[in-house]
Amino acid sequence: MDGLLPEILLSVFGTLVMVSDALTEESHKDWLGVISLVGIYSAVMAALISYVNRGTAFHGMILVDGYATFFRLLVFVIGFLTVLASFSYLKRDGLPQGEYYALILFSLAGQGLMAASSELIMIFLGLEISSISTYILAGFLRHDAKSNESALKYFFLGSFATAFLLYGVALIYGATGSTRLDAIRLAIEKGEAGGKLLAVATALMFVGFAFKVSAAPFQIWTPDVYQGAPSPVTAFLSTGPKAAAFAIFMRVFFTALPDSSEAWMWLLWISALLSMTIGNFAALMQTNIKRLLAYSSIAHAGYVLVAFASRTRIGAAAAMFYLAAYAFMNIGAFVVVSHYSSRGERYVAIDDYAGLGHRYPFLAALVTIYLLSLIGIPLTGGFFGKFYIFRAAVNADLIWLTVLGLLNSTVAAYYYLRILVVMYMQEPKESTPLDPLPAGIAATLVVSAAAVFYLGMFPGRVLEFATQAALFVPPR
Amino acid sequence: MAALLNVVLVIPLAGFLILLFLPRHDHGLIRVTALFFTLAAFAASLPLATAPATPGFQLETNFSWIDNPPIRYHIGIDGISLWLVLLVTFLMPISVLASWKHIETRVKEFFLFLLLLEVGMIGVFVALDLFLFYVFWEITLVPMYFLIGVWGHERRIYAAVKFFLYTMAGSVLMLAAILWLYNATGTFDFPRMQTLIANGPLTLGPAQELLLFLAFFIAFAIKVPLFPLHTWLPDAHVEAPTAGSILLAAVLLKMGAYGILRFCLTLFPQASRDLAPAVSILAIIGIIYGALVCLVQPNMKKLVAYSSVSHLGFVVLGIFSFTQLGADGAVYQMLNHGVSTGALFLLVGMMYERRHSLEISAYGGVATPAPVLATVFLITSLASAGLPMLNGFVGEFLVLQGTAEADFRYTVLAATGVILAAWYLLWLYQRVFLNETPQEVATHMSDLSGRELATIAALVVMMVWMACCPKFC
């Protein structure tokens, strides 16, 4: 029972929000957000409680360990910050609050389930709960063509990718006679399964997961979906579901398929290099800040894949650390975009940011912090994330991937610097109006910046926890 | 005494934090605060010079910063870094004073970045943990990027981005090499790594050593800059505001030379010796090429920038001569160049504030309306050209003598650089300060104010003192 407590609470609160939505008057809708925050907070507490009583549940379908808890806490914190930042956005654009918060809570329940699953059907369930909620969220600007395009694309391509995954699951079951990750591994070790069927199954699952983490060559949907979705939703999409997808990606491949790791390592190797290169070079040409951040998000998925490809405990820990650091800097960046874009998301071109440094020094300073972290300048979380990733890669003798990845990060520096150039070194063309910073957004931004610095100056504790949590990764 | 080094590092940081909370419109208060903290750092750094001259690192502080991987806050100084730290703390108040009137927009941000830059620069010279070194190395990038990009001249954005990307491209390679070394040794600690490599527990194959050497060397060579990696330098120097140019030329370039001396030579001695001929030839090309470009340069600031390419060639040549004299000369030349080229940029900046032009053709006969300016400019030019009794001579002489021990052909070629330097600097002086005084020049070129004189006098005194008492190095 403890094992699923956070997800149960999130579902209960999600339903509560939906029901109260029907019963509250328009002027009191703010309370729905507060209920959601309480719900997420209680889920965080529940995740800690279930960590204290860690172990398996439901006949081994659920496994609560450090790894599950790390990702649960991460996605819940991401959800908390998203809700906090959405208060003023929803009111500004006159969007229905109840549905929005409920969908975020359901999506979080799905992601929490993904983090704690140790069985393929549960993983699939979690993935679908999370995905279906986010398909709707992406199209939440109902009267906006771009948002509709976003939702539709996300839904069609996402369903397609899930089908690949499901096909892989079916083949695995056919080959090994089980959907439990440890049982699959045992069957393979005993030599009961293997050969072509298993190879095809692995490849199919790889496609499904790679789509969900927006890794090349399955990244095509990312820029359109991220651009069209409401900005707070994009902040959420690019961090929460991505982190949860990486969680199951690594869990499945390390727990169930370590025997063939020599082979799938090359899939990761190629995908990592492609993601970094395509993401960074495409981002160079963007004029829309949401698209730019979308392409950068592909590149960052590539960095995480580098850590994954190293197939070691420190590699898995580095990937976890990076996903946490990336979450904070990216949420920060997207929340600024959502606030600055103004009603109807009018100001989303990079040039709209001209003179921000002069007119709103505080906001610009925060953006600078996130961008420096995305570049990977020391004393920010982004730097330590990259540092740990490439340390793991060097440790696993992936020297070429390291050098190419690091050179890639120089290319990335160029487009992030371009935003800084526009903000600080160009004069504004027209004075884009800006509302005063609402409390919810200010809190999100300050917390994100503080987290970026915390991870950049005192990364020890988080990395220590991640290293302990990555013990399930078999030693090579 | 060991705490002192930390104090020197913390004072500018404290200044940075205090400045953050000062009201942004009170420009006077901001300037005075910045000056106070840079002067305090200078005062605190002076006693460092009295540290006994024993081999090895001194005034070490060493405690754990991050447990896993073992990253330590390990700082300390030796005979090389001591003087470079003093160079930084000495030039910082001068840079603040040089920006006193010159910077009128976004004053608070300007001094914030200046103080942050000081922290980074001092940190680079005192860090004894490779990771810590890399952190400080990268941190200097950000404030300098903004100093050039926000307060620079017309093509500032191009110059700032070019500066950032060039340096970063080099330093990521260095990061890869640092990670490789950590993987092989299990430590980032520089003295320990040095012992491990010198005493044999870690043996590098020739190919490995060469690659690691190159990864470090390219990062440093971009910064020095060594021909043909110098192309960012003229842009950055010319477009930067005066304080930025001073610190770029005087300190940031030295970070590269210091890195070569500290890390490349000690960690990869064999590869350094093997590549010495190639590097020396590049250095000589830099010396002659830089000087020739100076001769045809119509822009004063660009001329001084290219003279840096030429002068830093001597530093690299001295280092790679592998002689005691050459190395001493290189270190001495680093300090000399910091003082004299810093002074040249300062003077060019003062002239720009008056005439709003950097073209040599916009001047002429400046000595008549501004005799004091003309005098200090002459002294500085002669120091930069290496006239005996001024500081430049000592460094260049030592380098050439050291090179002569290694290979006399290098000495002959490099010595042409000295002759060319006298030519382009004196010709510059002639065109700017002598001849007829056009009407516009006479109206605009007032002589130095008390503040300006005090700033430049400090540098001129250093030039003479460093020439007369070179024993202190």
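Relative to the globular-protein estimate of 2.2 N^0.38 Å, the Cα radius of gyration of region A:7-84 stands at 1.27.
Apply the a/c threshold of 1.5 to the C-alpha gyration tensor of region B:30-146 and tell me whether it is rounded, prolate or oblate. It is oblate, given that a/c is not under 1.5 and a/b is not larger than b/c. Computed with the Debye formula from one identical point scatterer per Cα of the protein assembly as shown, without solvent, the log10 of I(q)/I(0) at q = 0.09 Å⁻¹ comes to -0.95. One decimal place: the segment A:LYS429-A:ILE8 gains 146.5 nm when fully extended, by the rule 0.36 nm per residue minus the C-alpha distance.
Post the alpha-carbon centroid distance, region B:301-363 to region A:357-382, in whole angstrom. If we compute the Cα centre of each part, the gap is 34 Å. Computed from phi, the 3J(HN,Hα) profile of region B:113-124 under the Karplus parametrisation 6.51, -1.76, 1.60 (θ = phi - 60°) reads 5, 4, 5, 5, 4, 4, 4, x, 5, 4, x, 4 Hz, with x in place of Gly and Pro. Amide H contacts of A:SER117 (H built 1.01 Å from N, in plane; Pro and chain starts excluded): A:LEU63 sit under 5 Å, all sequence-distant by 5 or more or on other chains. Exposure proxy ranking for A:SER130, A:SER297, based on other Cβ atoms within 10 angstrom of each Cβ and starting from the fewest, stands as A:SER130, A:SER297.
Normalised by 2.2 N^0.38 Å, where N is the number of residues, the alpha-carbon radius of gyration of chain A equals 0.92.
Volume per residue for region B:103-186 equals 76 cubic angstrom (convex hull of Cα atoms).
Run a plain Debye calculation on region B:214-348 (Cα atoms as equal point scatterers, no solvent) and give log10 I(q)/I(0) at q = 0.15 Å⁻¹, rounded to two decimals, same order as the q list. So the normalised log intensities work out to -0.64. Per residue, the convex hull around the alpha carbon atoms of region B:268-473 comes to 109 Å³. Calculated mean residue ellipticity, 222 nm, chain A: -26000 deg cm²/dmol, from DSSP H runs (n ≥ 4) at -39500 (n - 2.57) each, averaged per residue and rounded to 500. Computed from Cα atoms alone, the Kirkwood hydrodynamic radius reported for region A:284-337 is 12.0 Å. Taking the square roots of five times each eigenvalue of the Cα gyration tensor of region A:162-303, the equivalent ellipsoid has semi-axes of 32, 15, 11 Å, listed largest first. Checking the Cα-Cα distances for A:LYS91/B:LYS108; B:LYS162/B:LYS254; A:LYS146/A:LYS212; A:LYS212/A:LYS429 against a 30 Å cut-off, the pairs over it are A:LYS91/B:LYS108; A:LYS212/A:LYS429. Each part gets one Cα centre, and for region A:1-16 versus region B:136-177 those centres are 49 Å apart.
Just the Kirkwood number for chain B, please: inverse of mean 1/r across all distinct Cα pairs, in Å, one decimal.
22.4 Å
On C-alpha positions alone, give me the angle between the axis of helix B:79-98 and the longest principal axis of chain B, in degrees, nearest 10. That helix lies at roughly 30 degrees to the long axis.
Toward the positive end of the charge dipole of chain B, with +1 on the Cβ of Lys and Arg and -1 on the Cβ of Asp and Glu, the farthest Cα among B:PHE268, B:LEU46, B:LEU448 is that of B:LEU448.
All other residues whose Cβ lies under 15 angstrom from that of B:SER361 are scored, Lys and Arg at +1 and Asp and Glu at -1, for a net of +1. The label point for B:ARG192 and the one for B:GLU104, both projected 7 Å from the Cα toward the Cβ, are 5.5 nm apart.
Taking θ as phi - 60° and the Karplus parameters 6.51, -1.76 and 1.60, the scalar couplings of region B:333-349 work out to 5, 4, 5, 4, 4, x, 6, 6, 6, x, 5, 4, 5, 4, 5, 4, x Hz in sequence order, x denoting glycine and proline. By the combined test of axial Cα extent (at least 18 Å) and Kyte-Doolittle hydropathy (mean at least 1.0), the qualifying DSSP H helices of chain A come to A:5-23, A:30-52, A:66-92, A:120-138, A:195-212, A:240-256, A:261-284, A:289-309, A:313-340, A:361-375, A:399-425, A:439-457. With one equal scatterer per alpha carbon and no solvent term, the Debye-computed log10 I(q)/I(0) for region A:73-156 at 0.15, 0.16, 0.17 1/Å reads -0.59, -0.66, -0.73.
Between region B:439-461 and region A:76-155, the alpha-carbon centres lie 65 Å apart.
Once the Cα atoms are used to define both axes, helix B:391-406 deviates from the longest principal axis of chain B by about 40 degrees. By the scheme Lys and Arg +1, Asp and Glu -1, what is the net charge of all other residues having a beta-carbon under 15 Å from that of A:PHE71? With Lys, Arg at +1 and Asp, Glu at -1, the net is +3. Our estimate of slack between B:THR443 and B:VAL461, defined as 0.36 nm per intervening residue step minus the Cα-Cα distance, is 3.5 nm.
Radius of gyration over Kirkwood radius for region B:1-71, both on Cα atoms: the Rg/Rh ratio is 1.13. Taking each DSSP H run with n ≥ 4 as -39500 (n - 2.57) and averaging over every residue of chain B yields -24000 deg cm²/dmol at 222 nm. Shape class for region A:1-142: prolate, because the ratio a/c of the largest to smallest gyration tensor axis (alpha-carbon atoms, square roots of eigenvalues) is 1.5 or more and a/b beats b/c. Relative to the longest principal axis of the Cα atoms of chain B, helix B:27-45 runs at roughly 50 degrees.
Summing Lys and Arg as +1 and Asp and Glu as -1 over all other residues whose Cβ lies under 12 Å from the Cβ of B:LEU130 gives a net charge of +1. Among B:ILE379, A:ILE123, a tally of other beta-carbon atoms within 10 Å of each Cβ gives an order, fewest to most, of B:ILE379, A:ILE123. When chain A is described by a simple charge dipole with +1 on each Lys and Arg Cβ and -1 on each Asp and Glu Cβ, the residue from A:ALA47, A:ALA163, A:THR368 located farthest towards its positive end is A:THR368. By the beta-carbon count within 10 Å of each Cβ, the least crowded to most crowded order of B:ARG431, B:ARG24, B:ARG156, fewest first, is B:ARG24, B:ARG431, B:ARG156. Remark: the protein assembly as shown carries a charge dipole of roughly 280 debye about the Cα centre, counting +1 on each Lys and Arg Cβ and -1 on each Asp and Glu Cβ.
Only the coordinates and a few stated rules stand behind these numbers; no lab work does. As the structure is a prediction and not an experimental result, all values here were calculated from the model. Methodologically, a virtual Cβ is constructed for each residue, glycine included, from the backbone with ideal geometry; neighbour enumeration extends over all protein chains shown.
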